[in-house]
Amino acid sequence: MENIRNFCIIAHIDHGKSTLADRLLEFTGTLTNRQMQAQVLDNMDLEREKGITIKAHAIQMNYKLDGKEYILNLIDTPGHVDFSYEVSRSIAACEGALLIVDASQGIEAQTISNLYLALEHDLEIIPVMNKIDLPHAMPEEVTDEIVDLIGCKREDVIRASAKEGIGIEDILKAVVNRIKPPKGDPKAPLQAMIFDSVFNSFRGIEVYFRVINGTIRKGEKVKFVSTGQEYNADEIGVLKLEKQPRNEIGVGNVGYLISGIKVAKEVKVGDTITHPGQEGEAIKGFENVKPMVFAGIYPVETSEFEELRASMEKLQLNDASLVWEPETSAALGFGFRCGFLGMLHMEIIQERLEREFNMTVITTVPSVQFKAYLTDGTVQDINAPSEMPDVTKTERIEEPYIKAQIISKAEYIGPIISLCMDKRGVIKNQNYLTTDRVELTFEMPLAEIVFDFFDKLKSISRGYASLDYHLIGFRESDMVKLDVMLNGDRVDALSAIVHRGKAQEWGRKLCEKLKELIPRHMFEVAIQAAIGQKIVARETISAIRKNVLAKCYGGDISRKRKLLEKQKKGKKRMRQIGTVEVPQEAFMAVLKID
Ligand code: GDP
Ligand code: MG
């Protein structure tokens, strides 16, 4: 145990976490040059493209310092707010953290919130300033920021370049010398914390854990405390570049378990593994993760519903945070109401359905979860506009609120505050990190930021602002259901729950946007927005004139064929609603409203 060090890396996206991790693996010989394929820790295609580590993994290195052998377990953390619970569990499995800050960018919001998490768990923080090779690096300013933030000495900040291989040995020495070895009682009942799991289609779920007390041995019976399920520890081992089986994993160490579990849901991050009969207590901090954003997913072709169901079932096998149930829409037919951790998670699911399962799907307007307090004293969760109860039976509606931390250059404070106020936010704190960088804290409704808030924030701050948020509870709000009608037919899939003060403007902009997105028909199409019986906005798409058609279809053959092909492609994501053809983009039009 004296020779074990467990640590994670806290960094903002693109500050160099993956590159640095690769260097550590290379330096310790865990990874040979030949294996030095770009960014080993992010090994899902999607992750690489999006530049974020979606799922945390772990890797073990051996390192020799002053004649002593050390085992270094690096636990990777996801770098996106959608996965903050998983980050907290990874942090809880460590005694130390590398805080990586880009020398040309400085500290960002996500870094600070994860740093606070690490401090809460008493982790030793090793500050690393990366990318010092960049010509526009600002090492002195960024060092000031780091010193201010964590109260360390200037010389404690390790200067590094993951790209050039500078400072790597200093980092490894600091991991050994500054981070405490794990504590724990090898003789106590087994308590191992699950911090991650990975789906393996041949062997079932691989469970990644950190032993807090006791020892886990191959072949014995284990029990997961939160689910009460028992399994046989068919294989245990440590994670190098490949899995290396072992007969036992002792106190303080990190390892994997394979026990034939087929369904991701049975493995909950934060759960405790113990021995049935002589059970260790549940480790503190466990939570059942709850979806934050809900949306309908429908097949473009109604006939593909069963195929979509099969695909969703397969997705759920390896994504425990995805929840869904069948739903029907008058407009879209049979589909699923799905719950996601956030918008990024939703995009990932949609992309995976398309790439891995070759499905073409329509996603409807995302919504947060509201709570309706009814006059009969019951409380109802509302995950979709169609679930809004009758106003006469509703005492009040509550919506989820978040605390948002935004870090930006001081010159953008004005526009950021106006943006947040426009999103019903209230400023709570303003804190200068340096003369030029400020941290703003707001309380605002989650519903206002799940859509395009982050993009707007980026654009008004020329990319300089960063955002982090977490849920702080539910608050009463005057929410109404806004319906959209096409030629008089209510289209349930276009409804949204919006704040009354914004409903009219929302309706007007949505109608305008739909007018842009819905193609012209042979007849006039009326687009209306309504609250209850009251029409609050209207747009009209005029009919196609005959001569336009004649022009299109009269000309030469190849042009006609091209046009038809184009039309066919466009059709792929069209849905016939009543007499009107509506493209997929229309169902997400709300996301594009300014
Ligand atoms: P992550 O999102 O934190 O995992 O960041 P990556 O490791 O993927 O790095 C983001 C980008 O920064 C990549 O293009 C890297 O090549 C680059 N990068 C990482 N470390 C350094 C460094 O020390 N110097 C320079 N110049 N670029 C770096
Ligand atoms: Mg990365």
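None of the figures in this text is laboratory data; all of them are computed from the coordinates on show. No experiment lies behind these values; they were computed from the predicted model shown. Positions of Cβ are generated from backbone atoms using ideal geometry, with glycine treated the same way; all protein chains shown enter the neighbour counts.
Could you compute the FRET efficiency for Asp185 and Glu306, with r as their C-beta to C-beta distance and R0 at 41 Å, rounded to 0.05? Between Asp185 and Glu306 the formula returns 0.20.
Over all other residues within a Cβ to Cβ distance under 14 Å of Ala410, the charged ones net out to -2, with Lys and Arg as +1 and Asp and Glu as -1.
Amide H to amide H distances under 5 Å link Glu327 with Gly335, Phe336, Arg337, where only residues 5 or more positions off or on other chains count and H is placed in the peptide plane. Mean sequence separation of contacting Cα pairs (under 8 Å, at least six apart), scaled by the length of the chain, corresponds to a relative contact order of 10 percent.
Each peptide in 398-408, 380-390 was scored by the mean count of other Cβ atoms within 10 Å over its residues; highest first, the order is 398-408, 380-390.
Put a dot 7 Å past the Cα of Phe474, heading toward its Cβ, do the same for Asn232, and the two dots end up 4.5 nm apart.
Looking at the range 235-309, the trypsin sites (Lys or Arg not before Pro) that sit in a DSSP loop and have at most 14 other Cβ atoms within 10 Å of their own Cβ are Lys240, Lys262, Lys284. Spatially, the range 314-337 and the range 221-263 are offset by 31 Å when compared through their Cα centroids.
Net charge in the neighbourhood of Glu95 (other residues with Cβ under 12 Å of its Cβ; Lys, Arg +1, Asp, Glu -1) is +3. Placing +1 on the Cβ of every Lys and Arg and -1 on the Cβ of every Asp and Glu, with no other charges, gives the chain a dipole of roughly 1860 debye about its Cα centre. If the chain linking Arg520 and Glu2 were pulled fully straight, counting 0.36 nm for each residue of separation and taking away their Cα-Cα distance, it would gain 179.2 nm. Proximity of backbone amide H atoms, modeled 1.01 Å from N, is registered between Ile4 and Ile71 at under 5 Å, excluding neighbours fewer than 5 places apart on the same chain. Please list the non-local residues whose amide H lies under 5 Å from the amide H of Ile126, H modeled 1.01 Å from N, same-chain partners needing a gap of 5 or more. Those qualifying (amide H under 5 Å, at least 5 residues apart or on another chain) are Ala97, Leu98, Leu99.
If I stretch the segment between Glu512 and Lys64 completely, what's the gain in nm (0.36 nm per residue apart, minus their alpha carbon distance), one decimal? Show your work: numbers first, answer last.
Working: separation 448, 0.36 × 448 = 161.28 nm, distance 6.57 nm.
Gain on stretching Glu512 to Lys64: 154.7 nm.
Here the range 301-421 is treated with +1 on each Lys and Arg Cβ and -1 on each Asp and Glu Cβ, and its dipole about the Cα centre works out to around 480 debye.
For the residue pairs Lys284/Lys428; Lys290/Lys371; Lys423/Lys458; Lys180/Lys240, alpha carbon separations beyond 26 Å are given by Lys284/Lys428.
At most 15 other Cβ atoms within 10 Å and a DSSP loop assignment: could you name the trypsin sites (Lys or Arg not before Pro) in the range 163-236 that fit?
On the way: sites: Lys163, Lys173, Arg178, Lys183, Lys187, Arg203, Arg210, Arg217, Lys218, Lys221, Lys223; in loops: Lys163, Lys183, Lys187, Arg203, Lys218.
Of the trypsin sites (Lys or Arg not before Pro), the ones in loops of the range 163-236 whose Cβ has at most 15 other Cβ atoms within 10 Å are Lys163, Lys183, Lys187, Arg203.
Each of Ala174, Phe195, Gly184 was placed along the dipole of the range 126-229 (beta-carbon charges, centred on the mean Cα), and the one lying farthest toward the positive end is Gly184. A crude spin-label estimate for the pair Gln430 and Thr392, with each label 7 Å from Cα along the Cβ direction, gives 4.9 nm.
Cα centroids of the range 446-524 and the range 85-100: 36 Å apart.
Projecting the Cα atoms of Gly29, Tyr373, Ile158 onto the dipole axis of the chain, where Lys and Arg carry +1 and Asp and Glu carry -1 at the beta carbon, places Tyr373 farthest toward the positive end. In sequence order, the range 150-165 has phi-based couplings of 10, x, 9, 8, 4, 6, 6, 7, 7, 8, 9, 9, 5, 5, 8, x Hz under the Karplus curve 6.51 cos²θ - 1.76 cosθ + 1.60, θ = phi - 60°, and Gly or Pro positions carry x. Each Lys and Arg contributes +1 and each Asp and Glu -1, all at the Cβ; summed about the Cα centre of the range 364-506, the dipole is approximately 460 debye. Applying the Karplus relation 6.51 cos²θ - 1.76 cosθ + 1.60 with θ = phi - 60° to the range 208-214 yields 3J(HN,Hα) values of 9, 9, 10, 7, 8, 9, x Hz, where x marks Gly and Pro.
Helical runs (DSSP H, four residues minimum) scored at -39500 (n - 2.57) apiece and divided by the length of the chain put the mean residue ellipticity at 222 nm at -8000 deg cm²/dmol. Candidates Tyr208, Tyr432, Thr364 compared by Cα position along the dipole of the chain: farthest toward the positive end lies Thr364, with charges placed on Cβ.
Backbone phi angles across the range 264-279, fed through the Karplus curve with coefficients 6.51, -1.76 and 1.60 (θ = phi - 60°), yield HN-Hα couplings of 4, 4, 6, 10, 10, 4, x, 6, 10, 9, 9, 9, x, x, 10, 7 Hz in residue order; Gly and Pro are listed as x.
From the alpha carbon centroid of the range 405-440 to that of the range 280-310 is 34 Å. Label separation (Glu347 vs Gln278): 5.0 nm, computed from points 7 Å beyond Cα along the C-beta direction. Across the range 189-305, C-alpha contacts under 8 Å between residues 6 or more apart give a mean separation that, scaled by the residue count, equals a relative contact order of 31 percent.
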